[in-house]
Amino acid sequence: MKNRKAEEFIGFIILRICIGFVLLALLIILFDIVKKGLGVISWEFLTAMPRNGMTEGGIFPAIVGTFFVTVITAILSIPLGMGCAIYLNEYARKGKITRLIRMSIRNLSGVPSIVYGLFGVVLFVQLMRLDTSILSAGLTLGLMTLPWTITASEEALKNVPQSYRDGALAVGATKWQAIRTNVLPYAIPGMLTGTILGLSRAAGETAPILFTGAAFYIPFLPKSLSDQFMALPYHLYIMATQHHAIEKVRPIAYGTALVLIVLIFCMNFFAILARYKLRKVKVE
Amino acid sequence: MIDNKIETVEHNQNGSMNYIKDNNFKISVEKFSFYYESAQALKNIDLKIKKNTVVGIIGPSGCGKSTFLRCFNRMNDTIPGIRYEGEIHIDGNNIFDRNLDVVDLRRNVGMVFQKSNPFPKSIFENVAYGLKINGIRDKSYIATKVEKSLHNAALWEEVKDRLHQSAFSLSGGQQQRLCIARALAVEPEVLLLDEPASALDPIATAKVEELIQELKKKYTIIIVTHNMQQAARISDYTAFFMLGELIEYDITNKIFTKPSEKITEDYITGRFG
């Protein structure tokens, strides 16, 4: 009897240590970045062009670049991902081929992002002649997020009870009617949440945009989707490792990191908020 | 053999059921077999159902009664790897005919599921759902139809002041009657009930049973039930299934008093099951 209790006590201690360790790591990272980055954050830092070989001024073009690339990513990834998920979960026959397709998609989400970057160069930059541009980078990131979007959307569809589909079919709905009116409304919150989480990861990626459109330094804003651009993660990479006066620009690197993290936290927060809001609608 | 038995039924208590002579069946099942992958779930079923009667389907768990019920509106089509043999005629048309539109079939053959499955919409929208997806846009027609269906499902009085509340705010018994109303709204001729009262308390069950008696005036009803007393109470004819075979099909009274098959008697008297 005593042994069992001791075992439980020790078990819980170990689990608490695990959680504590993870939280500690997160807090240290956040604390470090906030402490060193907060000092440089100002209205000018957020809205001005870099100056003097990027040792002064702001990061405005990087924020704008990241924003537009993420929009392109979303435009490719959301409709295509949701469409694939609906097909796979609702229409595809359950068999070997479907399983194979699904397995391939899961595996794609494990492909390193630099490989997507290389693929983006070949497909979008060279073959489709889109050049190094916002479009190429956004499409590359879109491809990269597709597996996440599809998987998250499929999970959301699986969570809709089969009885909603059966109930609709039983009163004479066609399959598409049943899906449109009685499945999608309840799956979309989950789909959106998964998709936004995928987008927030894409927004922070460096490798795929490295070859496909991100530029070291452009002293003006992109004028069209076929221009090169600056992006927050790539700017951070340069400030941290490639700049000729690394010590001098270190605060700017931390400021960039802080902006990037805040941006991504905001997207994640929005994803969670959307799920919460829409779920409430569903229950009412 | 089963076929013969039905043809030669001699009866009966009130003499009003001319079962033998009446060829005008609403539904006739002919040499019907059903397979999941390679497993045969239903074996060569023959059965005929008259208009405006209630047919109870009883049998031990896994005997194929729910599968059988789901054949009448081809709900089994959603399951991969299934196969049919034989025919089921409703009003003389084979429902497995290539030219038959399964969407039309399902509108004509309503179904209420074992676990009540209201949609996460308002009470009104639940009942109106079938009308709307069938292309009806006329708001006043829909409103009249919803009211009528709720009346017919004996639910109107309880919900008339809260039509726009969530269907989930209803009790279990009310939810099941709401599902019946939803099925009735599209004016089916046949109603399939899959253990509609299995999750309900005795009072709610009594209401649903009463309702079925009322509904048979307009509809032909096939009901699967686990509860033999229920079959005895509400059905005109009873079919006893075991291991995918139709063991016996006869007037309910006869099944429960003088079954022809020993195994039916054993089941009904509770010797197994």
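Bear in mind these aren't lab numbers, they're just calculated from the coordinates by the rules spelled out. Every value quoted in this text rests on a predicted model; they were computed, and no experiment measured them. Reconstructed Cβ throughout: ideal geometry from the backbone, glycine too, with neighbour counts over all protein chains shown.
Some notes on this structure:
- FRET efficiency for residue A:43 and residue B:158, using Cβ-Cβ distance with R0 set to 56 Å, rounded to 0.05: 0.35
- Tail beyond 22 Å, pair distance distribution of the range B:185-273 (Cα, percent): 30 percent
- FRET efficiency estimate (nearest 0.05) - Cβ-Cβ, residue B:214 to residue A:100, R0 45 angstrom: 0.30
- The protein assembly as shown: C-alpha gyration tensor shape, a/c 1.5 cut-off, then a/b vs b/c: prolate
- Neighbourhood net charge (13 Å Cβ-Cβ; Lys/Arg +1, Asp/Glu -1) for residue A:213: -3
- Cα-based radius of gyration of chain A once divided by 2.2 N^0.38 Å, which approximates compact folds: 1.21
- Helical content alone sets the calculated 222 nm signal of chain A at -23500 deg cm²/dmol, taking -39,500 (n - 2.57) per DSSP H segment of four or more residues and averaging over every residue.
- In a simple Cβ point-charge model (Lys, Arg +1; Asp, Glu -1; nothing else charged), the protein assembly as shown has a dipole of about 1000 debye relative to its Cα centre.
- The mean number of Cβ atoms from other chains found within 10 Å of a Cβ in peptide B:95-107 is 2, as a whole number.
- In this structure the amide hydrogen of residue B:51, modeled in the peptide plane, comes within under 5 Å of the amide hydrogens of B:26, none closer than 5 places in sequence on its chain.
- Where N is the number of residues in chain B, Cα Rg divided by 2.2 N^0.38 Å: 1.01
- Cα extents for the range A:167-283 along the principal axes, largest to smallest and rounded to whole angstrom: 71, 30, 22.
- Rounded to the nearest whole Hz, the Karplus-based 3J(HN,Hα) values (6.51 cos²θ - 1.76 cosθ + 1.60, θ = phi - 60°) of the range A:267-273 follow the sequence 4, 5, 4, 4, 4, 5, 4, with x at glycine and proline.
- Peptides A:254-263, B:24-33 ranked from most to least packed by the mean count of surrounding Cβ atoms within 10 Å: A:254-263, B:24-33.
- Across the range A:12-79 the C-alpha pair distances fall into 5 Å bins from zero in the proportions 3, 13, 12, 13, 13, 13, 13, 9, 6, 3, 1, 0 percent.
- When both bridge partners sit in the range B:2-268, DSSP labels roughly 60% of those beta bridges antiparallel.
- Out-of-range pairs (alpha-carbon distance over 23 Å; input B:216/B:254; B:65/B:216; A:158/B:115; B:48/B:217; A:158/B:145; B:65/B:254): A:158/B:145
- By average C-beta atoms within 10 angstrom, highest first, the peptides A:64-72, A:20-28: A:64-72, A:20-28
- Here r is the Cβ-Cβ distance between residue A:24 and residue B:137 and R0 is 56 Å; the resulting FRET efficiency, rounded to 0.05, is 0.40.
- Taking the Cα centre of chain A as origin and assigning +1 to Lys and Arg Cβ atoms and -1 to Asp and Glu Cβ atoms, the resulting dipole is close to 1060 debye.
- Here chain B is treated with +1 on each Lys and Arg Cβ and -1 on each Asp and Glu Cβ, and its dipole about the Cα centre works out to around 620 debye.
- For the protein assembly as shown, the residue among A:42, A:267, B:63 whose Cα projects farthest onto the positive side of the dipole built from Cβ charges is A:42.
- Rounded to whole numbers, the Karplus 3J(HN,Hα) couplings from phi for the range A:240-254 are 8, 9, 10, 6, 6, 10, 4, 4, 5, 8, 3, x, 5, 4, 5 Hz, using 6.51 cos²θ - 1.76 cosθ + 1.60 with θ = phi - 60°, and x at Gly and Pro.
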